[in-house]
Amino acid sequence: MKQILKTSVALTLCLTTLCLGLACPGLIPAAQATEGGQTNWASGVQTIYPALTPPQGQTFWQDYFVVNPNGAYSSTSKKSAVPGFRATAIANAARLFHSWNGQFLGATISSSAILAINSLTLRAGGRGGTAFGANWLYVAPLYLSWHTPTVHVYLGEGAFLPIGAFSKTDLVNESTHVFAFNQEAALTWIPTKRFDVSAEGELQINSKNGATDYKSGNVINIDFGANYMIAPALPQLRLGLNGFVTSQFTNDVQNGHRVGDGNRLSKFALGPQLIWFFKPPYAVALKWQHEMGVQNSTRGDRYWLQFQIPL
């Protein structure tokens, strides 16, 4: 996820989220990076305090809503590879995040589950389609996190379980139809009350799409963000920068053969973010990410609304 659309495999739009994994809309041309140029994990979702976990015995609801309009599909040459391409994904990922009582090796023990739902539209090559429904369930049974007053670190692993409908003959699908294993590692550093910086890395290992005999290459993604309290008289407000870097490091394979030159996905994004704390841990955030350096994927912008409340 050149200009001639592949007819034996459907064009696909899908959601990606915070831990989400939100996958964004994608399209399957004659050659692509990851199937449809997309991933289950939503690049750019974990830019705000990703290593902070609920206190022991507590549960947080974290919600990630994203609108992702795309005006082009870029091939390896970085030029628009599909004439008349327009795609929009509107997605929501709802996460239940719980920390258990007790510790292991000094670490807090947490678990998480995320349900991602899409609304997708696509026009390309004179064709169009829409889809709405569940994409996947992300289950992360074990996070281990270590916390000091200024440094927070966590490690976790999970799996994307595709639950939405998929047909290789449909122009647009609800789901990627791909099971994937995901490894997470996050760091949040808060050296002062006014400044913080965070990053989270994810390694996604994809299985084969049995409907299309297409195995997308594996992907590494890094989300990052930095925030600053600009006015001590208004401590609830943080302004900052956020973004992501996504890179596919193994080739796509279909019917046992490498697809084209490997069709590896690559993109990065940067933009502002705003966080408002009503009363910690109650918080809401707005973010914008402009995608750049795109190869073999959709190219556009991501507009996020995120919130967190304790249950």
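The values are calculated or read from the model by the stated rules, or taken from the named source; none is laboratory data. As the structure is a prediction and not an experimental result, all values here were calculated from the model. Don't worry about glycine lacking a Cβ; one is built from the backbone with ideal geometry, like all the others, and counts go over all protein chains shown. Remember, those area values only see protein heavy atoms, side chains included, never the ligands or the DNA or RNA. Shrake-Rupley method; radii C 1.70, N 1.55, O 1.52, S 1.80 Å.
Data table
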quantity: Residue match in region 200-221 (condition: crowded, with 20+ Cβ neighbours inside 10 Å, acidic (D, E), touching a Ser or Thr at 6+ places or on another chain (Cβ under 6 Å) and over 15 Å from D252 (Cβ atoms)); calculated: no
quantity: Candidate set from region 273-293 (those that are under 16 Å from the mean Cα position of the chain (by Cα) and surrounded by 15 or more Cβ atoms within 10 Å (Cβ to Cβ)); member that is farthest from T59 (Cα to Cα); calculated: E291
quantity: Every pair of residues 6+ apart whose Cβ atoms lie under 9 Å, when the first sits in region 115-129 and is within 20 Å of A91 (Cα to Cα) and β-branched (V, I, T) while the second is open to solvent by 60 Å² or more (accessible area, probe 1.4 Å) and part of a strand (DSSP E or B); calculated: I117/F132; T121/R86; T121/I90; T121/T130
quantity: Subset tally (residues that are surrounded by 16 or more Cβ atoms within 10 Å (Cβ to Cβ) and either more than 19 Å from T59 (Cβ to Cβ) or over 21 Å from the mean Cα position of the chain (by Cα) (or both)) for region 126-143; calculated: 5
quantity: Filtered residue count, region 59-85, keeping only those that are of a type outside the set (A, V, I, L, M, F, W, C) and either modelled with pLDDT of 95 or more or surrounded by 21 or more Cβ atoms within 10 Å (Cβ to Cβ) (or both); calculated: 9
quantity: Condition check for T88: among the polar types (S, T, N, Q) and surrounded by fewer than 19 Cβ atoms within 10 Å (Cβ to Cβ); calculated: no
quantity: Selected residue (only one of L265, L270 is among the aliphatic types (A, V, I, L, M), over 30 Å from Q58 (Cβ atoms), within 16 Å of the chain's Cα centre (by Cα) and open to solvent by less than 70 Å² (accessible area, probe 1.4 Å)); calculated: L265
